[in-house]
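The values are calculated or read from the model by the stated rules, or taken from the named source; none is laboratory data. Note that this is a predicted model, so its numbers are computed, not measured. Ideal geometry is used to build each Cβ from the backbone, glycine not excepted, and the neighbour counts take in all protein chains shown. The area values use the complete protein model at the heavy-atom level, side chains included, leaving out ligands, DNA and RNA. Shrake-Rupley method; radii C 1.70, N 1.55, O 1.52, S 1.80 Å.
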Amino acid sequence: MVQGKSGTLSYKSRKLVAKDKSEWIRVEGTHEPIISREIWDTVVSLDMKRVRKSPAAKTDGSIFSGLLYCADCGFKMRYHAERRKYSDGHTALFKSFICGNYGRSGKTACFIHSIYEDALIEVVLQDIREKARYAEYDRERLAAQIVRIKEKEKHSRLASYEQELKATASRITELEKLMQNLYEDKCTGVVPPTVFQTLMQKYETERAQKAAALPELEQKVRTQLEVRQEADRWTDIIRRYTEITELDEAILFALVDRIEIGETKRFGTTRVCDVKVFYRYVGNVDDVVTQEGREAG
Ligand SMILES: [Zn+2]
């Protein structure tokens, strides 16, 4: 129970002012507590910790919420938090994820794909740092490599589309000039009317075909240019994170589109699990970085 949170400055004044917290009259234990003192203290200290660590963090749940998918079945990962008590009395919160499909339907649906949030944070931080260092080392080259691989995936090349677009546009201009000349020749009597008819039709057919193909070509060139811009944008953003040591929701939001969690494999006492980070703008670029590493080494 707290009283005296505000008061007048003097008996002559009627204006209420807020008093300093130290001046409040506080009487502990006047009410039956709704939650135990112990739980309250734990919650408060957790809150303090969270606020200090990352202002953007959620009040509950994981910073990865909504980002994780099972690599095998594509289901969203299910979040699980568990407070464990140790023999010496201290407790710790374990945050983990499992495949949502497995969580719902069990072994027949998928493997468990379980991973602790702590472990995932380390893996993702390392992934970000690795890519950031490549970008920092030679940004242009990395962006070019990303474009090359993306074009390969789409079986397309900006250069060839640009060339085709140029050729088509110049052929259209050429045909229009031919038609104009043909018309003048007909008027001066150089070309007989029947020849004029045939040729004019031929030119017009080709011109119409080429003109119809233009929008699609332009669209392809635009799309490919976007791939380049996005590779540039991503390399520009990621290279600021070479020394990143802490992860929060804001950083994940800025950088990551989704993360795929592979099945855990055991090698003796070590658990190994494939984590694939898909970044905003460029998706997964592990192949690019691996290839670069191989060429450099
Ligand atoms: Zn699954």
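Summary of values
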| read-out | value |
| --- | --- |
| Solvent-accessible ranking of 202, 220, largest area first, probe 1.4 Å | 202, 220 |
| Largest to smallest accessible area among 165, 68 [probe 1.4 Å] | 165, 68 |
| Dipole of region 64-207, positive end: most advanced residue of 159, 145, 175 [Cβ charges, Cα centre] | 145 |
| Of 131/276; 154/276; 95/265; 152/210; 177/202, those spanning more than 24 Å from alpha-carbon to alpha-carbon | 152/210 |
